[in-house]
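The values are calculated or read from the model by the stated rules, or taken from the named source; none is laboratory data. Just so it is clear, the structure is predicted and the values come from calculations on it, not from any experiment. Because the Cβ atoms are built from the backbone with ideal geometry, glycine has one as well, and the counts that use them run over all protein chains shown. Surface accessibility is based on the protein's heavy atoms, side chains included, excluding ligands, DNA and RNA. Shrake-Rupley method; radii C 1.70, N 1.55, O 1.52, S 1.80 Å.
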Amino acid sequence: MLRILVVEDEPAIALGLRNDLTLEGYAVEVAGDGETASRRAAETPFDLIVLDVMLPRKDGFAVCRDLRRGGVKTPIIMLTARAQETEKVLGLGLGADDYVTKPFSPLELCARIKAVLRRAAPDLPVRYRFGDVDVDFSRGSVRRAGAPVDLTPIELKVLVALLEARGRLLSRDQLIDQVWGAGTSITDRVVDNHIMNLRRKIEETPAEPRYLLSVRGLGYRFENPDDNQTET
Ligand code: CA
């Protein structure tokens, strides 16, 4: 059974989350303040943490940052209540995996949890290199020839989804499910635009991609022609 730590100080929301997630088949533990959350997350291997931002004793940003600094890689979904909080999470510097804006529907949160857990599936190396591109999954950072590549959070998610499936075709629908969440109304054209932007940033000749390949009429596939590249 997958274990989820819910960090939320408002009893009604915490109770609702506990009930919803238990019904979904998860084992749920609730922490009501940031310090308890930090301690529990460091001493217990949870599969995922749902982390509110506004918390007594230590806010969610500090909890997230400290866990990552401490080497805890448990996926984190932040619950944000204000636009500034969302922007901060989207900056990705904190190491959160996703965010959900309050008020949220249980369905939406469950879809995000599933997507994040799928992305966190264990076959992902910590780093992956292809050509002169170096992806550090634990930091969510990408470098090319040693220099940081400025990817948007969505571009990073698209790249990670393709890398996780490397060698396999991902349809646009699969990409949408994994990157934006199941049931999101994103058009194929939006996916194609993100792929084009990614190619501009990581391919030597974006018009003749070597790694991010189109599979005509079906979707995309990441292929590494220098197979058996370094995985650490
Ligand atoms: Ca709160």
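Below is a table of values for the structure above.
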item	result
For LYS102, distant residues with modelled amide H under 5 Å away	THR80, ALA81
Paramagnetic label zone (point 7 Å from Cα along Cα-to-C-beta, MET1; backbone N under 14 Å) in the range 33-65	47
Amide proton proximity set for PHE130, modelled H, under 5 Å, gap of 5+	VAL135
Per residue solvent-accessible surface (Å²) - the chain, probe of 1.4 Å	51 Å²
Packing-based ranking, highest mean first, of 55-63, 100-108 given that Cβ atoms within 10 Å are counted	55-63, 100-108
Within-11-Å neighbourhood charge of SER138 [Cβ basis; K, R +1; D, E -1]	+3
Cβ-Cβ FRET estimate between ARG144 and ARG168, R0 fixed at 25 Å, reported to 0.05	0.55
Relative contact order, percent, the range 77-209 [alpha-carbon distance under 8 Å, six or more residues apart]	17 percent
Accessible-area value, LEU2, 1.4 Å probe, nucleic acids and ligands omitted, Å²	70 Å²
Share of carbon and sulfur in the accessible heavy-atom surface of the chain [1.4 Å probe, %]	51 percent
Three semi-axes of the equivalent ellipsoid, the chain, Cα gyration tensor, whole Å, largest first	33, 19, 16
Virtual paramagnetic centre 7 Å along Cα→Cβ of ASN197, amide N under 11 Å, in the range 143-164	151-158
Integer Hz, Karplus 6.51/-1.76/1.60 couplings in order for the range 7-18, x for Gly and Pro	10, 7, 9, 7, x, 5, 5, 4, 5, x, 5, 4
Antiparallel content of DSSP bridges confined to the chain, in %, to 5	50 percent
Highest-first arrangement of 139-148, 39-48, 168-177, where packing means the average Cβ count within 10 Å	168-177, 39-48, 139-148
Neighbourhood charge, 14 Å Cβ-Cβ cut-off, centred on ILE4 and excluding it, Lys, Arg +1 and Asp, Glu -1	-3
